[in-house]
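Since the structure comes first, as structure tokens, the remarks are kept for the end.
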Ligand code: PMP
């Protein structure tokens, strides 16, 4: 039997069934938010009685919290195999991290991304002073690399950034990050990796991938909500205005005789961490990083492959189920998979999984409308354009999809129950 390698909370939560009785909840929506690890719970519970302000107090507990906060930065840097001259900025999550970076980019930066990105990686670049360049949905990793090469060959000089996902939140497909980074760097373009979905499932080494920044969210990494990371180069961030203006980001503030106020901002992470930081959330995130490292990302990935194979083989036996993907059947994926069921509304289907089997999945367009459009083709294109869902009144095809996703806390029984239900 394949047992979950990392104990998570919530496995014994009983949910009422429409048919009567209860059943333990099967969380198969890790891609939205993963359950917290038991070890994270233990670490947070041990810390709660003694938390205090960070970088703002002379008392014993403030000093301990400050140490813990800075230690968490080092833990995350180790987790991401970050070169020493890089920094970890704590944020609220991936969306926050990418918006922070967008706000810090030099004026006129061209930002390249594929239209298949999650909206958090697609939309922050649409702001004054930046020039987003959207590349079409590629049908293979090689096509993605070729499309980037072509776009960069004809791009004018000036600062550039590529934003690319490590693993898709819709298909689970792993993107050729190192190859794309090599092409980008050859043209003097920097790279930010959206690792929201990759980091919970695979080892992410900034050193090996060569990327300039990484963004991730604690709540997808087996910690509760509230903390995220932007890790990477310092120069553009130190040259930019602080993301938030306020205490903690300012080194010195002075009133001038003419009624104006002069500010000297910090350099380093503090510059973009104004306000009292979320030390509990950060501690939880660092605890999850340690747990994943101790469990061994390669062992976790190997175990996940076993469940993924079972899932795919089971779905392949069900007539009318179509698994979505850009890169073909054999392309590596993390434990995230979306599918349509012929003649069924995705929302009805996922509602039935919940009501009749106690299984939690997600349906819809997954904050990646252009990607789902590309995956569904035909009627799906029109639907995703206007955010519609359900079945096409024209040809009865699905206008959205059901997503099942799992991770290191998923018991085999959840996958089996899901397949029985489908
Ligand atoms: N990028 C990807 C690939 C995601 O899956 C998500 C969350 N669905 C995000 C970014 C945004 O993360 P958050 O909601 O934690 O900001």
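The values are calculated or read from the model by the stated rules, or taken from the named source; none is laboratory data. Everything quoted here is computed from the prediction, not taken from an experiment. Don't worry about glycine lacking a Cβ; one is built from the backbone with ideal geometry, like all the others, and counts go over all protein chains shown.
Observations, loosely collected:
- Among the residues of segment 189-210, the one identified as out of contact with any helix residue (DSSP H, G or I) (no Cβ under 9 Å at 6 or more places or on another chain) and surrounded by fewer than 16 Cβ atoms within 10 Å (Cβ to Cβ) is 207.
- Any hit, segment 3-23, residues being within 16 Å of the ligand (Cβ to nearest atom), surrounded by 19 or more Cβ atoms within 10 Å (Cβ to Cβ) and either at pLDDT 95 or above or within 23 Å of residue 172 (Cα to Cα) (or both): no
- Residues within segment 59-99 that are within 16 Å of the ligand (Cβ to nearest atom), over 19 Å from residue 208 (Cβ atoms) and buried (at least 19 other Cβ atoms within 10 Å of the Cβ), tallied: 10
- Selection status of residue 54, within 16 Å of the ligand (Cβ to nearest atom), outside the structural domain of residue 365 (by TED's automatic domain parsing) and touching a residue at least 60 places away in the same chain (Cβ under 8 Å): no
- Residues satisfying the stated conditions in segment 36-56, i.e. out of contact with any helix residue (DSSP H, G or I) (no Cβ under 7 Å at 6 or more places or on another chain) and in a loop (DSSP other than H, G, I, E, B): 36
- Annotation note: of 173, 182, the sole residue that is closer than 25 Å to residue 84 by Cβ and surrounded by fewer than 24 Cβ atoms within 10 Å (Cβ to Cβ) is 182.
- Within segment 112-125, the residues that satisfy the criterion of being within 16 Å of the ligand (Cβ to nearest atom) and either touching a residue at least 12 places away in the same chain (Cβ under 8 Å) or touching a strand residue (DSSP E or B) at 6+ places or on another chain (Cβ under 6 Å) (or both) are 113, 114, 115, 116, 117, 118, 119, 120, 121, 122, 124, 125.
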